[in-house]
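Here's the structure, in structure tokens; my notes come after.
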Amino acid sequence: MDATRKQIFDDQGFVVVPNLIPTDSHKALEDACERVIARTRSGEWTHRRTVGRQFPPFDNDNPDSWGVQHLMHPDLGEPVFAQWYTSDPLVSFAQNLLGCKEEELQMELFNLLINPLSYAFALRWHRDDVRENASDDEEIKALSIWHHGVQWNTALYEDSCLYVVPGSHKVPRSPEQRALSSTLDAPANPLDMPGAIRVILQPGETVFYNSNILHCASYDPQERRATLHACMGDTRGGATRSRNVLQHGLKWMKEAKFRDGLNDRGKAMLDRLVKLQGSVNGDVGYSLTN
């Protein structure tokens, strides 16, 4: 990875990167996504994000979905997802953004973002680790903390759902920005947010972004979407990685049939996640057994 992309990520809070899917993996990932989407829409796979809810717990009574959870789950039977998550191009880029050694990389979440079938749906403007009603002082303090993690969206088809405010991972919201992000309401028009831009990904492109950049997303049922959405951590983050990761119910990641299906790199990354769970269980209220 050239230093320019790392500098863009540090300065702007996001960076778009091509070609992190090996040529011989793109079709396999696309086919696997189609299968898991079909299973999710049919009700066979119940680990999903439902329209009307931004965060867990999700409402399984709603038939429409905007995401599929736990792509590496062995019960899905799609090993290509774990193979890609631990692939050389992806791991190398994430490692460089994190500024860590490979032996500090920690396996975390891997999900799929899809288009709803029946309803347009939007996520509200938010930062992942800062409350919407945080005061200026609280926000400044929270933004000064590096959480030792990176997340990304990799588009299999053209994707124009994500909106971000470049540079907002470093500074508190302006009064105008605060007014548009202090409630749980989705925006009528995301571009009403001062400083906002729309991130358009071409097939095979990836956007890495700091989870505390001010961001939202808009989902159109008429636009096909299959976007790989994941995060990876650095063990030096310790308990700061726990809240957003361990709340998602990861008991299956401690099962032998999952670990046995991973390559050596994946097993090492998983072991570090299990160690994190053991170190914080009881302190943060989340664990791999939820």
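The values are calculated or read from the model by the stated rules, or taken from the named source; none is laboratory data. Source: prediction; values computed, not measured. Here the Cβ positions follow ideal geometry from the backbone for every residue, glycine too, while neighbour counts run over all protein chains shown. SASA here: full protein model, heavy atoms, side chains in, ligands and nucleic acids out. Shrake-Rupley method; radii C 1.70, N 1.55, O 1.52, S 1.80 Å.
A quick yes/no check of all residues on (1) under 19 Å from Phe208 (Cα atoms); (2) β-branched (Val, Ile, Thr); (3) touching a Leu at 6+ places or on another chain (Cβ under 6 Å):
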position: Asp159; (1), (2), (3): yes, no, yes
position: Leu162; (1), (2), (3): yes, no, no
position: Ser168; (1), (2), (3): yes, no, yes
position: Ser182; (1), (2), (3): no, no, no
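In the set (1) modelled with pLDDT of 85 or more; (2) surrounded by fewer than 20 Cβ atoms within 10 Å (Cβ to Cβ), the condition left unmet by Val68 is number (2).
Among the residues of the stretch 145-154, are any in contact with a Leu (Cβ under 9 Å, 6 or more places away or on another chain) and in a helix (DSSP H, G or I)? No, the stretch 145-154 contains no residue that is in contact with a Leu (Cβ under 9 Å, 6 or more places away or on another chain) and in a helix (DSSP H, G or I). Entry remark, the stretch 136-163: residues being crowded, with 21+ Cβ neighbours inside 10 Å and of a type in the set (Phe, Trp, Tyr) number 2 in total. Only one entry of Asn133, Asn189 meets the criterion of being open to solvent by 20 Å² or more (accessible area, probe 1.4 Å), polar (S, T, N, Q) and without any contact (Cβ under 8 Å) to a residue 12 or more places away in the chain, and that entry is Asn189.
Look at Ala94 and say whether it is part of a helix (DSSP H, G or I) and out of contact with any helix residue (DSSP H, G or I) (no Cβ under 9 Å at 6 or more places or on another chain). Yes: the conditions hold for Ala94. Is it the case that some residue within the stretch 29-47 is within 30 Å of Lys170 (Cα to Cα) and either touching an Asp or Glu at 6+ places or on another chain (Cβ under 8 Å) or at pLDDT 90 or above (or both)? The answer is no, given that none of the residues of the stretch 29-47 is within 30 Å of Lys170 (Cα to Cα) and either touching an Asp or Glu at 6+ places or on another chain (Cβ under 8 Å) or at pLDDT 90 or above (or both).
Residue by residue, here is whether (1) outside any strand (DSSP E or B); (2) modelled with pLDDT of 95 or more; (3) within 19 Å of the chain's Cα centre (by Cα) holds:
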{"position": "Glu103", "(1), (2), (3)": "yes, yes, no"}
{"position": "Ala142", "(1), (2), (3)": "yes, no, no"}
{"position": "His169", "(1), (2), (3)": "yes, yes, yes"}
{"position": "Arg173", "(1), (2), (3)": "yes, yes, no"}
{"position": "Gln177", "(1), (2), (3)": "yes, yes, no"}
{"position": "Asp185", "(1), (2), (3)": "yes, no, no"}
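Considering only residues that are part of a helix (DSSP H, G or I), among the β-branched types (Val, Ile, Thr) and either open to solvent by less than 30 Å² (accessible area, probe 1.4 Å) or at pLDDT 80 or above (or both), which ones fall in the stretch 224-260?
Listed by number, the residues that qualify are Thr235, Val245.
Determine whether Ala179 is open to solvent by 30 Å² or more (accessible area, probe 1.4 Å) and within 24 Å of Met269 (Cβ to Cβ).
Numbers: open to solvent by 30 Å² or more (accessible area, probe 1.4 Å): yes; within 24 Å of Met269 (Cβ to Cβ): no.
No: the conditions fail for Ala179.
Would it be correct to say that Asp88 is modelled with pLDDT under 95, surrounded by fewer than 20 Cβ atoms within 10 Å (Cβ to Cβ), out of contact with any helix residue (DSSP H, G or I) (no Cβ under 8 Å at 6 or more places or on another chain) and more than 19 Å from Arg225 (Cβ to Cβ)? No: the conditions fail for Asp88. Of the residues making up the stretch 4-22, just one is β-branched (Val, Ile, Thr) and touching a Phe, Trp or Tyr at 6+ places or on another chain (Cβ under 6 Å), namely Val15. Filtering the stretch 196-223 to residues that are farther than 30 Å from Lys27 by Cβ and either acidic (Asp, Glu) or open to solvent by 50 Å² or more (accessible area, probe 1.4 Å) (or both) leaves only Ile197. Val130 falls short on exactly one of the conditions (1) modelled with pLDDT of 95 or more; (2) more than 17 Å from Gly266 (Cβ to Cβ); (3) of a type outside the set (Ser, Thr, Tyr), and that condition is (1).
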